[in-house]
Each structure stands twice: as C-alpha cells, then as structure tokens.
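To start, the structure itself, in structure tokens.
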Amino acid sequence: MNRIDKVFAELKERGEAALIPYLTAGFPNLEATLPLLRALVRGGADVIELGVPFSDPVADGPTIQRSSSEALAAGTTFPKILEIVKQFRAESETPIVLFGAYNPFFHYGMEKAARDAATVGVDAFLIPDLPADEGTEAEPAIREAGLYLIYLIAPTTPPDRVKFICSRGSGFLYYISVKGVTGARTSVSLELEKPLAQVHAATKLPVAVGFGIGTPEQAAQVGRLAEGVVVGSALVDLVGKNRDAADRDQKVEEYIRSMKAPLKPLTV
Amino acid sequence: MQATETYRTTVPDARGHFGIFGGRYVPETLMPVLIELEKQYYSVKDDPEFQKELRYYLRDYVGRPTPLFLAERLSRELGGNARIYLKREDLCHTGAHKINNTMGQALLAKRIGKPRVIAETGAGQHGVATATACALLDLQCEVYMGAEDIERQKLNVFRMELLGAKVISVTSGTSTLKDATNEAMRDWMARCDDTHYIIGSVVGPHPFPMIVRDFQAVIGDETKEQILEREGRLPDAIVACVGGGSNAMGIFYPFRADLETALYGVEAAGFGIHTTQHAATIGAGQVGVFHGAKSYVLQTDDGQITPAHSISAGLDYPGTGPEHSYYAATGRAQYVSITDDEALEGVKLLCRTEGIIPALESAHAVAQLVKLVPTMPKDSVVVMNLSGRGDKDVFSIAKGIGMNL
C-alpha cells in the first residue's frame, strides 16, 4: 500500500484533515533540508511536498522562485535530493511527494527518475506543468514504479475537465484555491465550497487545497471542506527569514504545529 | 540534436503536437484558457470578415505586400551561381516582420473581447510591434521586459512608452527575455479573464506556435507568388535566421510541401557553437520542455535552462519553436549556425553591395548565403528573408567592429 493511501485512511478514521507542507529542497542549502524535514514531521506534517528546483518555474510566485534560485545556486540537483529522501526514509514513514517542473525529470529520463525515486522511498510526483493531457507520457513510468502522479485542478477548470482530470488522478487531487501563481495571501477565497463539492463528486480520492494558505485561520476554513491543506510560500518565507537562526527548525516545527492544530477534531 | 521523425505537412495535431514536439506543458490554470483560445482562433481564422479586416491593415498600415528584390550586386559578389532575392520584411511598418503577428493577434484580442494585451520582449522589437498594434486598435498594453534588457535597450523602452504601453521591469532569474516570458505567463494565469497574451514568436504552448505561424505565413505566401511571377519556378533554397523562429517559419511554411525547395534555418553561434556563449538551440541543444512546449532547448546536464548568447538580441533565446524542432528532426529543413563575427561581415556585405543595413538577426542569413551560394549549381534561385532593418542595431554593430560612436 502506498504511504499516501495509508495516511489519508488513518486521518479519515480520526476525522482529521492532512497538513501538507511544501519545502524547496536545498533551500537555503542542502544541509538544511534533512533537519527541516524532521521539524515538519515533529510539528505534525502528514504528507510532505519536497520541491525540486527549476531555473524557469512558471507556476511559482516570487517566494518559491527565489528559494529555487538559491537552492540551485547551492548546488541542488535531482540526485542529491534523492539522497536526502533516502536518509529521511530510514527514519520516517511520512509520505514524500516530489514537486517540480517537468524538464529536470524529463531530462533525467522519466522512467529512470520514477525508478530511482521509488527506490529511495518517494511516494508520488506532482509536476505542475504536466497537465493530465500531456501526463500520458509520464504516467506509465510512474505507475510502473509504484508511485502516484498527482494532478492539479484550477478554479478555471470547467466541469467536464474536472471529471477528465479526476478520472486520471492517483494518490490525491490538488485543488488550486486561487487563479495565478503560488504565494501566501491575506484572504483565501471562501467560495471553495461549490468547486470542491464538484471535485468530490467526480472522485473518491482525497482532495487537498493549496495556493495562498498561510495562517491557522485559513487552514481551519479549508480543512472543513477538504481532506488536505497545503502550506507552501508561508513556510518557505519562514525558513528564509530564519535561515541563519539557531532556532530555525524549532520555529518551523511550531509553525507546522499551529497549522495542524485546527485540522484535528475538537476533543472534549 | 538527436531525435528523428517522419515528415508530415499537416501539423500540429489536435493536441498541438508536431511529432514529439510542441504540446501544452503548462499549469492547469492555463489549460482551459489555451483550449478556449484555440477554439476562438479556429472560429475567427476562417471568418471572411476577420480576414478582410486583417488584409486591410496589412496592406494600408503595415505596407504589404513587401517587395521581393533581386539583389544583383550581391549575387555577382557571391560568384554568380544563384540569383539571390531578398524578401523585404525590413520595409514593414516598425521595421521588421514582427508586426505581421502583432497585428493579427491584436485583431484577434479585439474579436474575442479582451481589452488588455500583454507581451514579453527581449530587445524590445516585439514590444514595440505590440504597442503599435495596440495603439492602433485602442487596446491597453503592458510589456514585460528584463531589467537588464531595459538598461540595454532604452530607446525601445521609450518607443513603447511613447506608443502608450506600460513597460514592466522583470528582475527574476537572469533579468532577460526568458524571465520576461515567465513573468508574462504568470500575469496571464492571474488575469486570463480580460487579457490576451501576444507571444512574440512561434514558441510557447499550443495554440501559440500555430497562431503565430499562420499570421507570419503571409511572408511565404507572397514570396511564392512573387517568385513564380519573376522566375516561373520555385526557389532552390530559402534562407532565414532562427531564434524563436517566427520569420523563418513564416517564409518556410507555405513551401512545406515543395520538397524541391531546400529550407535553411540559421541559428546564432555567438562566440562559437563549441563555447558556452551561443544560441544554437537546434545545433547544440537537447530536447526539453521549456515555456510550455517540447522543443530543442539549451540546458545543463541537470535539465536547468542555460542563458543563450548572441550579438543579435532577437536570436538570444535558449529555446526555439517546436515546428522548427520538427523540421530539424524530420530533415525538412537544415539548421546551420553563424557566429557574431560572421554576422557582422554579413552586415557590411549587404550595406556595401545593396545599400541596405540589415538587422543583426537578418545578417546571420546574409552570412549563410556567403557559405551556401558558391556551392550551388549555376542558375540557382535563392530567397533570403530580410526580416528586419538594422537601424536599431547601429550601436551594437559599431561596437562589434571596434568603433566607438
């Protein structure tokens, strides 16, 4: 059983929504990534999206793009990221989703990328510039390796296309809460109810919501409507601001805990 | 270059693929927008009213048809084996072929009810052509330009502003054309409701390579008619420079099924194709996915995009149009490259023999004639696409030949 299925099944049992933090691998440097992954787990992360940096990201906002540039400047490569996952996997069962632009995987060879990723304990790929239409060329390799390919659904996606994407999805579906690029926003669209109902009607897979979620209040709102809540830019911001702080990992852990708390059912 | 493909004249397919190339490698947010744009384009493209309007502006505003000029002195200078014709795109309004595309796409934007237009620009030529069409058609225009390019191309920034466009400085990545393109795509993702993105070349996700090709194909359509009138036969070869490749695709496309006409795309070899300072995407790049399409791309061993170099800003791009990659992989066209120094010699040659200052981009095609024509049999006919005039480049040309203006 894929670790992702296991986690969502357990959370469902407990009536919890998943907290899914995004972290750019190699940011601010390669040495920081493993300790940061541990901090995410201690804070209560259920699934982790590990960003594979690309020189020319189109879907990312300024925060994540800057972190990617820095990670590349620090010498981050796909094989080095796999090495970090291998170390992480020796000590944790938290699912890892590799999140990154298609070209580095394509250039490495999608079959080899999927095989090598599976070997070190990766659970899924999320490739934002590989929509379901083009995904056919990567799906066999990823499936063959026993991994999932997570697809995105946008507010602009019309209903028949929602069905099409859901029919091709695996692991979970990722609903983009806002138009445009990634980045923390002050208000998360409250008009999520209808589109999420539409996605839920089209799939039995869990649905995670991301783009622009940064506060526990926002997490609480979204957690009531979806099986998972993704926090990206706000976390990368926090890491960036505390890059040299002695208590960086501690701060990250606390932040993750504060984001996870509202996703748990109230206990009396 | 390493892929091989079987050549078909009916590309792209329904999903925007040219063989293994092309496609739509974009975030889901853009997919519905691209699908919608494709639908709208198909409905407008064959509408006689739209075509009539476009023809009107191309004739009375852009100045089409552009002449096909027999360059007699250049032909003699290169040994007399071929009669060399120049397709004078440099005589278009704004000084280059770029306006063919921006005029068509601005009319398209108007038709599909998008009051706001965005564009990316490197040296500023496409930005100026977009600002021009938007001024004419009363569309709001914002142009993304790398901060570094803004510094290098102050005159064009001023031109765009004079034409009523807003120039937005891009400071991400390398602060050049590729980053301006990333930023324009991001803008479009957030504002696709009221905004049309006029991409500047036959690049990007489907349907852009097809739309830009179709609007530029007027170059090849006219050329075919003009050469048949002058020579009574098709040319033996067509030569055009390739960065993104819109002027080349524009003149190649109507000849795609005329296999007796050899097609030569000329890439920029910069300091040399074996250095790291060049823009020979097909000659030295590998298949990759960049700016929404699969095509040849300059990239590192880790699949990161590397900056290109050329003395000509218009060829200074690490990607190329997917249809060019397809022509290369199928052998329909041959792609060669010309260094900065050879291009500068090309400028001087055309100035001296024909009294025309070519754009540095087009000078790459001139330099290729110097290599090609002497190898051709007597009585050959060659057409070179003179894609733009060189007034914009006089400072770069002076610097390149060691003069200080």
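Among the residues of region A:63-93, the ones that are within 18 Å of A:V230 (Cβ to Cβ) and within 7 Å of another protein chain (Cβ to nearest Cβ) come to 1 in all.
Considering only region B:221-242, I want to know if a residue exists there that is assigned to a helix (DSSP H, G or I) and buried (at least 24 other Cβ atoms within 10 Å of the Cβ). Taking every residue of region B:221-242 in turn, at least one turns out to be assigned to a helix (DSSP H, G or I) and buried (at least 24 other Cβ atoms within 10 Å of the Cβ).
Among the helices (runs of 4 or more DSSP H) confined to region A:129-182, there are none with at least 3 residues that are under 20 Å from B:L30 (Cα atoms) and facing another protein chain (nearest Cβ under 7 Å). Using the structure shown, decide if B:A180 is over 19 Å from B:L386 (Cβ atoms), modelled with pLDDT under 95 and either surrounded by 24 or more Cβ atoms within 10 Å (Cβ to Cβ) or not aromatic (F, W, Y) (or both). In short, yes.
If B:V289 meets every condition in (1) within 16 Å of the chain's Cα centre (by Cα); (2) under 16 Å from B:V202 (Cα atoms); (3) not charged (D, E, K, R) apart from one, which number is that one? With respect to (1) within 16 Å of the chain's Cα centre (by Cα); (2) under 16 Å from B:V202 (Cα atoms); (3) not charged (D, E, K, R), B:V289 is out only on (1). Only one of the listed residues (A:V97, A:V47, A:V41, A:V122) is surrounded by fewer than 24 Cβ atoms within 10 Å (Cβ to Cβ), farther than 24 Å from B:A184 by Cβ and either free of Cβ contacts under 8 Å to residues at least 60 places away in the same chain or more than 10 Å from chain B (Cβ to nearest Cβ) (or both). That residue is A:V41.
Going by what's in this entry, would B:Y296 be described as buried (at least 24 other Cβ atoms within 10 Å of the Cβ) and within 14 Å of chain A (Cβ to nearest Cβ)? Spell out the reasoning first.
On the way: buried (at least 24 other Cβ atoms within 10 Å of the Cβ): yes; within 14 Å of chain A (Cβ to nearest Cβ): yes.
Here the answer is yes, as B:Y296 does meet what is asked.
Residues that are in contact (Cβ under 8 Å) with a residue 12 or more places away in the chain and of a type in the set (A, V, I, L, M, F, W, C): does region A:247-257 have at least one? Yes, region A:247-257 has at least one match.
Can you tell which of B:Y42, B:Y61 is away from chain A (no Cβ under 14 Å), closer than 22 Å to B:E323 by Cβ and at pLDDT 95 or above?
When all the criteria are applied, what remains is B:Y42.
Against the numbered list (1) more than 11 Å from every other protein chain (Cβ to nearest Cβ); (2) under 19 Å from B:Q299 (Cβ atoms); (3) crowded, with 20+ Cβ neighbours inside 10 Å, A:P57 comes up short only at (1).
Kindly indicate whether B:L30 is surrounded by 17 or more Cβ atoms within 10 Å (Cβ to Cβ) and either more than 14 Å from chain A (Cβ to nearest Cβ) or of a type in the set (K, R) (or both). Answer is no for this residue. As for region B:319-337, it holds at least one residue that is within 14 Å of chain A (Cβ to nearest Cβ), farther than 22 Å from B:V218 by Cβ, not in a helix (DSSP H, G or I) and not aliphatic (A, V, I, L, M). Restricting B:E36, B:E49, B:E53 to residues that are within 14 Å of chain A (Cβ to nearest Cβ), of a type in the set (D, E), surrounded by fewer than 17 Cβ atoms within 10 Å (Cβ to Cβ) and outside any loop (DSSP other than H, G, I, E, B) narrows the list to B:E36. The selection criterion, being in a loop (DSSP other than H, G, I, E, B) and either within 14 Å of chain A (Cβ to nearest Cβ) or surrounded by fewer than 18 Cβ atoms within 10 Å (Cβ to Cβ) (or both), holds for B:T9.
The values are calculated or read from the model by the stated rules, or taken from the named source; none is laboratory data. Please read these numbers as outputs of a predicted model, since none were measured by experiment. For neighbour counting, all protein chains shown are included, and Cβ atoms are generated from backbone atoms with ideal geometry for every residue, glycine included.
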